[in-house]
Each structure stands twice: as C-alpha cells, then as structure tokens.
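The values are calculated or read from the model by the stated rules, or taken from the named source; none is laboratory data. What you see is a predicted model, and the numbers here were worked out from it, not measured in a lab. No Cβ is skipped: glycine too gets one built from the backbone with ideal geometry, and neighbour counts run over all protein chains shown. SASA here: full protein model, heavy atoms, side chains in, ligands and nucleic acids out. Shrake-Rupley method; radii C 1.70, N 1.55, O 1.52, S 1.80 Å.
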Amino acid sequence: MNLSNSQYQLSKKFQLIPTILFTVVGIFIAIFLGVLYSIISSFSPLILLDIGLAVGMAWVLTTITSNLTKLAKVRNELVSFLMALIICLFAYYSATVTFELLIFDMDYEYWLDFFLSPVTVFDIIISDIIPNRVITITKGSSKSGLEISGILLGIVYLVELIVFLWPAAVTLNMDDCFCEDCQKWYSKFNFYSASDDSLVTNINTCQSGHYADVLSQVVFYKNLNELVQQSEPTSEEITGLNYIYCQCPNCHERNLLSILKIKLKKNKKEYEAVTDSDSILVNNNYIDAKTDEIFQTQKRNLY
C-alpha cells in the first residue's frame, strides 16, 4: 500500500513460499478437473454440451486461480498471471492425456505413463488425431451433418486451449485491494443511489477522498432492484451511481472508495445496465474519517 498517494496502488509484492505452495495445490486440483472434464466430454452427445462444458471449466478455473492467488497474498499481476497460467496449462494437459486414453480405448493404468510423456502426448494430437479424426455435428435426429477434420479440427482444439487459458488472462486485471499493514485483503461493499448532473459535478469538484459534504444527504440502496423500485415506474432510463466501499477487515483504517456512473435502460419489463465508457468518477481513493463514517453507517444498516 502506498500511503503517500491519495489513490490505492498495488504494492507488486508477493511471498515466494506461499505462492509456490498454493500453485502446487492448484496443479493437483487442475489435474483432477482435467481428467473429469474429458470423461464427461466423452459421454456428451451434443456439441452444445461440449461448448457449455468448456465454458464451465473456464469459470471453475477462474474461481480457483482467483482464490488461490488471494490465499497466497499475491499482489503482483505478473506473478498472479504466471501462477494461474501454470495451473490452467496443467488442467488442459491433464484433459488432453485423458482424452487420448479414451479415444484409443486404453486402460487408465497407462495414464501416468502418458502424463509423464508430454512429447508423445502432443505428437499424437498433431500427427495422428488432427489429420485423421472426424467430428460430425448433426442437427436433430439427422444422421448427416457438418464434418470437421484437419485444419478446422485443429482450430477447434486451439479454441479449446484458449478457453482453458482464459482464466490466466483474467488475473491481469487485479481489482482487489490489500492492506499491507495487516496483511489482509479488503472487504468490498456495494451501494447504489440515484444520480443527476448536479451530484456528479459536485463529486468531480471534491477534494480527493473528501466526499462527506456531497454524500451526506444521499439515499443509499443495497442493490439495483431497490434503486429501480424507488424510481418512477414509467421511467425509460434510470441514472445512478455505484459506490464500492473497501474496508480492511482487521484495522478498519485507510479505507477506499470507488464511484461509478451507471445507466439502466428499460427493456420490455426489466431494466438492463448499460456500460458507460466514461463511468469512473472515483477510483479506489483513500477517504477521510467523515466520508468513512457515512459508509460504515450504511454498512451497518444495509448489510
């Protein structure tokens, strides 16, 4: 934590031993998930189920790598990326090994030998499976369909690899904050309020971290549904603000605030959030005691 700035900055620190230990834990989990992924995929009769399975795998790996990097207390994006990349590569490799065993109808007793022979595993994919395997995508009960082989099949496998590695790319956007004094990750609390041009202007003209005078009369809500319910039922568009309050769970000091503009547009009977390219008003700024008291009060009342 850089105490000399009004805005939070990642320290770029990490602890080597916990990082290695949690990476190893992640590798074992990834190997198990890879095996499970290929077994389930081998029983899938529909290409859509395979796509859903791959996306689900990416989501699971994202969750696991995110939690493991936090447990290891990694505050360095590059280290976090490398940690997640290693875990994801092992998941993909494990899935590939299991896939080859299944496709050649081999006993699982050969799994470890295959796993320890990466050159053989990838040679089989490139020299045997891609040139010779044909996948047929059928529609309904029809026996005929689109056949995928050769280069197209290679592209399909490449896309699958990218999906597996996507969680590593996600770690490059590290938006969690860490209290260096307490060695704890900040807890996040979201609040919402209605907004207008006057409120936005006042926030923009405030001294960094000193927002108490502007926000003292604002009515806060815990979620967007509450904000919608308090708006005019005939409104086609609702403008509001999202306040992200970050608090150290240990010392409760040097707390942070982000404020984002949000826009909700009515779509049939529901409102949909529309992103705004110029939405960030305040970005992880340290806040003074008066501003902090406002959000501590809202946290007690709404959470």
When you scan the range 19-51, how many residues do you find that are under 15 Å from LYS73 (Cα atoms) and open to solvent by less than 40 Å² (accessible area, probe 1.4 Å)?
-> 3
Those residues of the range 124-136 which are among the hydroxyl-bearing types (Ser, Thr, Tyr) and either within 13 Å of PHE99 (Cβ to Cβ) or assigned to a helix (DSSP H, G or I) (or both) amount to SER127
Any idea which of GLU232, GLU253, GLU272, GLU293 is closer than 20 Å to ASP196 by Cβ and either open to solvent by 90 Å² or more (accessible area, probe 1.4 Å) or assigned to a helix (DSSP H, G or I) (or both)?
-> GLU232
The lone condition ASN173 fails out of (1) over 24 Å from LEU10 (Cβ atoms); (2) open to solvent by 40 Å² or more (accessible area, probe 1.4 Å) is (1)
Could you please tell me which pairs satisfy a Cβ distance under 9 Å, a separation of 6+ or placement on different chains, a first residue in the range 15-33 that is within 15 Å of LEU85 (Cβ to Cβ), and a second residue that is basic (Lys, Arg) and open to solvent by 30 Å² or more (accessible area, probe 1.4 Å)?
-> THR19/LYS73
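To keep it simple, each residue is scored yes or no on (1) open to solvent by less than 70 Å² (accessible area, probe 1.4 Å); (2) under 33 Å from the mean Cα position of the chain (by Cα); (3) not β-branched (Val, Ile, Thr).
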{"site": "LEU68", "(1), (2), (3)": "yes, yes, yes"}
{"site": "LEU78", "(1), (2), (3)": "no, yes, yes"}
{"site": "PHE99", "(1), (2), (3)": "yes, yes, yes"}
{"site": "LEU112", "(1), (2), (3)": "no, yes, yes"}
{"site": "PRO118", "(1), (2), (3)": "yes, yes, yes"}
{"site": "ILE126", "(1), (2), (3)": "no, yes, no"}
{"site": "ILE130", "(1), (2), (3)": "yes, yes, no"}
Please find, within the range 275-290, the residue that is modelled with the highest pLDDT out of those that are hydroxyl-bearing (Ser, Thr, Tyr) and open to solvent by less than 90 Å² (accessible area, probe 1.4 Å).
-> TYR286
The condition of being part of a helix (DSSP H, G or I), aliphatic (A, V, I, L, M) and touching a Ser or Thr at 6+ places or on another chain (Cβ under 8 Å) holds, among VAL121, VAL60, VAL156, only for VAL121
Determine, yes or no, whether ILE86 is free of Cβ contacts under 8 Å to residues at least 40 places away in the same chain and either over 18 Å from GLY34 (Cβ atoms) or surrounded by fewer than 19 Cβ atoms within 10 Å (Cβ to Cβ) (or both).
-> no
